[in-house]
Each structure stands twice: as structure tokens, then as C-alpha cells.
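Reading through the C-alpha cells given below for one structure.
The values are calculated or read from the model by the stated rules, or taken from the named source; none is laboratory data. Just so we're clear, the structure is a prediction, and the values are computed from it rather than from any experiment. No Cβ is skipped: glycine too gets one built from the backbone with ideal geometry, and neighbour counts run over all protein chains shown.
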Amino acid sequence: MILRLFLKNYIDTLPVSCKLLGFLFGVNGELLERQYRNHLSGYLSWEQLSHAEKWILFEKNIDAYVGIDEDCLSQGELYTILINKERIGRSGSIIAIIKGTDVKIITSVLLRLSRRRRFKVREITLDMAPNMEQIARICFPVARRVTDRFHVQKLAYEAVQEMRVKARWEAQDEESIQIAHARACGKIYHAPVFENGDSRKQLLARSIYLLYKKESLWTESQRAHAAILFREYPDIKKAY
């Protein structure tokens with residue numbers, strides 16, 4: 001029994017499996033897993049067990065700075081997650097995990113948090129989705145709403161990539177026209193290439209990664225590649 005309690009402390013505090021602990025300490029790992037689930041963990045008597053599949057709340061973890069976002073946890077199912085940003089991913093970070101992203105469902109769960117706790121929140125970080133903004137406004141009315149900078153950066157990067165993809169399709173269409181024209185004239189079409197050996201279509205296809213990176217992190221070959229790209233497509237340069 002003492003060994004079981006000793007191992008319980010390991011399972012509770014370290015990211016290791018019961019089977020690995022069983023192997024290391026010379027006990028049956030599968031039996032330890034069953035005993036931990038059914039007895040040692042207190043899972044079967046957990047007060048949130050009845051609704052844990054749909055939502056869980058840890059009110060004591062709420063603080064002045066929180067963040068809300070959606071994520072896929074299993075089988076592609078979306079969950080809305082509210083975290084304490086001051087914990088930086090450590091123990092006590094999770095305030096709520098709620099299945100789905102529907103405003104009515106999310107707000108009905110978050111409003112179970114005490115009014116005192118919700119009004120304690122000074123700032124909530126979220127993405128630019130309108131449902132998240134609505135949830136934040138209803139559940140944390142006095143908190144300042146801040147758009148997560150990573151979502152802003154992601155939108156900016158995607159916009160630049162959309163310009164690159166559009167230009168690539170145009171280059172591909174132009175090349176198809178030139179190939180058809182050459183065939184009609186009984187000739188073999190040779191696509192013109194730039195000084196680095198890329199055709200226009202290849203230039204655009206191979207620019208995908210350098211447009212995601214800061215200029216200071218480019219390699220020499222990427223720097224040469226970007227010089228040609230920006231010379232040929234000044235609008236992409238301006239967007240970048």
C-alpha cells in the first residue's frame with residue numbers, strides 16, 4: 001500500500017505512464033493503472049465526473065489575466081479552453097475546458113463561475129473570431145479584450161501567401177497558353193528561367209518558406225531567391 005501511494009505521487013506530478021512506472025519499480029503496470037483509475041486517483045468520486053465529457057471548471061485557477069481559444073483535443077473535436085495566462089502552462093493554468101464553440105453553450109458554463117471571480121479578470125486575450133469576442137463580452141464584462149498577436153501575425157502571413165498563390169496560378173495559366181501555342185506551331189516550348197535557374201512558376205512555388213521567415217533569418221540562397229521574387233513582384237515585396 002505504501003508503494004502504491006508512493007507511485008501515486010509520481011503519477012500525479014510527473015508525465016509518466018503507469019506501465020513505465022510499473023516496469024521501473026517492478027510492479028504490474030496494468031494493475032497499477034486500474035488501481036490508480038478506480039481507487040488512488042479519486043476519479044470515480046470526482047464531483048465533475050457526471051459532466052466532464054462536456055465541460056469542466058476550475059474556478060480557483062482564475063486570475064486577473066486570462067486567455068480564451070479553441071483547440072482540437074481528440075478526433076478533431078473542437079473545445080473552447082480558458083486559461084490563466086500568469087501560470088504560463090504550469091499547474092493551475094486551466095480554468096475551463098468546454099466541448100464546442102457555440103456561444104450559448106460556452107457562456108452558460110462560464111457564467112457558473114462566481115460573479116466576484118469573473119469581475120476579477122482585468123484582461124482577456126482572444127483571437128478575432130466574433131464568437132470569442134461575444135463570449136468574452138458576456139462573461140467578463142469589465143475585462144479589457146486584447147487580440148492575440150499570433151493570430152494577427154497568422155492573418156498577415158496568410159495574406160502574403162494568398163498573393164503568392166494567386167501569382168503562381170497566373171504564371172501557370174500563362175505557361176499553359178504558351179505551351180498550347182508552341183504545339184500549334186509545331187515547336188517545343190522551353191520556359192524562360194531567371195538567373196538562379198528557376199522558371200517563373202518554380203520561383204513562386206519555392207518562395208513559400210522564405211515569406212514566413214524574417215529577412216534576418218534568410219540563408220544566402222533564400223536571399224538571392226527573394227531578390228528575384230521582389231524584383232518581379234513588387235506587390236508581394238510591399239506586402240511582405
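With modelled with pLDDT under 90 and not aliphatic (A, V, I, L, M) as the only criterion, which of 225, 190 stands out?
190
From the residues in region 75-89 that are more than 18 Å from residue 52 (Cβ to Cβ) and surrounded by fewer than 18 Cβ atoms within 10 Å (Cβ to Cβ), which one is modelled with the highest pLDDT?
It comes out as 85.
Can you tell me which residues in region 25-58 are assigned to a helix (DSSP H, G or I), of a type in the set (A, V, I, L, M) and either within 17 Å of residue 98 (Cα to Cα) or touching a Leu at 6+ places or on another chain (Cβ under 6 Å) (or both)?
Correct list: 49 only.
Condition check ((1) outside any loop (DSSP other than H, G, I, E, B); (2) under 17 Å from residue 96 (Cα atoms); (3) in the same structural domain as residue 59 (by TED's automatic domain parsing)) across all residues:
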| residue | (1), (2), (3) |
| --- | --- |
| 117 | yes, yes, yes |
| 125 | yes, yes, yes |
| 138 | yes, yes, yes |
| 141 | no, no, yes |
| 154 | yes, no, no |
| 157 | yes, no, no |
| 165 | yes, no, no |
| 168 | yes, no, no |
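Here is a list of conditions, (1) in a loop (DSSP other than H, G, I, E, B); (2) in contact with a helix residue (DSSP H, G or I) (Cβ under 7 Å, 6 or more places away or on another chain), and residue 89 meets all of them except one; can you say which number that is?
The one condition residue 89 does not meet is (2).
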